[in-house]
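Below: one structure, written as structure tokens.
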Amino acid sequence: MFAIFKKELRGFLSSLIAYMVIVVFLTGVGAFMWVFPAYNVLDYGFADMETLFMLAPYIFLFLIPAITMRTFAEEKKGGTIEFLFTKPISDWDIILGKYFSAYALVVFALLPTLFYYYVVYQLGSPVGNIDSAGTFASYFGLLMLGAVFTAIGIFASSLTENQIVAFILALFFCFILFQGLSSLVTPNDSSSLTYWILQLGIDHHYASIRKGLIDSRNLAYFFSVIASMLLATKLVLSSRKW
């Protein structure tokens, strides 16, 4: 697995994909946090990073499918996937190596935003007047969200040899799980059906973690979705119908 991880990560870093993802993510978030009226920290008047954690999932909806779309689709189109699976490594080594390399790029994109935290920390009155525990809980939620989107993107890429199709499928699946399900329910509806529909959506669990509620139910949900997507990828690739 580690060999696949290094190979894929080198592939990302030797192309423009990694740098474009990081630049687009930081530019988009930075513009809202520091430039655009009504959203930026300076006009908002509160020492928090709510803008980052509100906006980042929507940027991830596009950026993570762009990262993952080539993972298996490119191998299929180039005919190298058959050679890859003839090597003395297991299917899981290949899937997990590709998954963790793509997820590493998501983490790399998030790391520079810690500088935003430092700036907001310094701008607080008094200095340090920021809910650090809540902020890092929100970071954890964003990392979990990125992990789920990455797993969905890997699965979408395994379904096709066309990278654009893989991107569209990943975007669609991510959107449905993130907000599509919650949009099916009526606001303020307290029925049991509404409760279970909300429980199936990522947004509900992400919002809970942003509030600092990192409990076993939220973690079980995220890890279950990740495991399900990777298992589905394994089943698709096991068919070997290329």
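Measuring between their Cα centroids, segment 162-182 and segment 203-236 lie 16 Å from each other. Using a simple spin-label model with pseudo-atoms 7 Å out from Cα toward Cβ, Lys87 and Ile164 lie 3.0 nm apart. Once the trypsin sites (Lys or Arg not before Pro) in DSSP loops with at most 10 neighbouring Cβ atoms within 10 Å are cut out of the chain, the longest remaining piece is 1-239.
For segment 126-182, the Cα-based Rg and Dmax, in that order, read 16.1, 55 Å. Compute log10 of I(q)/I(0) for the chain with the Debye formula, placing one identical point scatterer on every Cα and leaving out solvent, at q = 0.12, 0.13 Å⁻¹, to two decimals. Rounded to two decimals, the profile gives -0.73, -0.84. Answer with one residue from Ser15, Val106, Ala220: the one whose Cα lies farthest towards the positive end of the charge dipole of the chain, charges on Cβ with Lys, Arg +1 and Asp, Glu -1. The Cα lying farthest towards the positive end belongs to Ser15.
Report, to the nearest 10°, how far helix 114-123 tilts away from the longest principal axis of the Cα atoms in the chain, using its own Cα long axis and a range of 0 to 90°. Helix 114-123 sits roughly 0 degrees off the main axis of the chain. Across the alpha-carbon atoms of segment 112-159, the computed radius of gyration and Dmax are 15.7, 53 angstrom. Each Lys and Arg Cβ is given +1 and each Asp and Glu Cβ -1; about its Cα centre, the chain then shows a dipole of about 760 debye.
Here Lys6 is the anchor, and the lysines within straight C-alpha reach of less than 30 Å, apart from those fewer than 8 places off in the same chain, are Lys76, Lys77, Lys87, Lys98, Lys234, Lys241. Of Ile202, Ile209, Ile130, the sequence from fewest to most neighbouring Cβ atoms within 10 angstrom is Ile130, Ile209, Ile202. Computed per residue of the chain from DSSP H runs no shorter than four, each worth -39500 (n - 2.57), the mean residue ellipticity at 222 nm is -23000 deg cm²/dmol. Between the Cα long axis of helix 91-110 and the first principal axis of the chain there is an angle of about 30°, rounded to the nearest 10. Taking +1 at the Cβ of each Lys and Arg and -1 at the Cβ of each Asp and Glu, which of Leu231, Phe172, His205 sits farthest along the dipole of segment 2-238 towards its positive end, judged by Cα position relative to the Cα centre? With unit charges placed on the Cβ atoms, the residue in question is Leu231.
FYI, it's all coordinate maths here, none of it is from the lab. Fair warning: this is a prediction, and the values are worked out from it, not measured in the lab. FYI the Cβ positions are ideal-geometry reconstructions off the backbone, even for glycines, and counts take in every protein chain you see.
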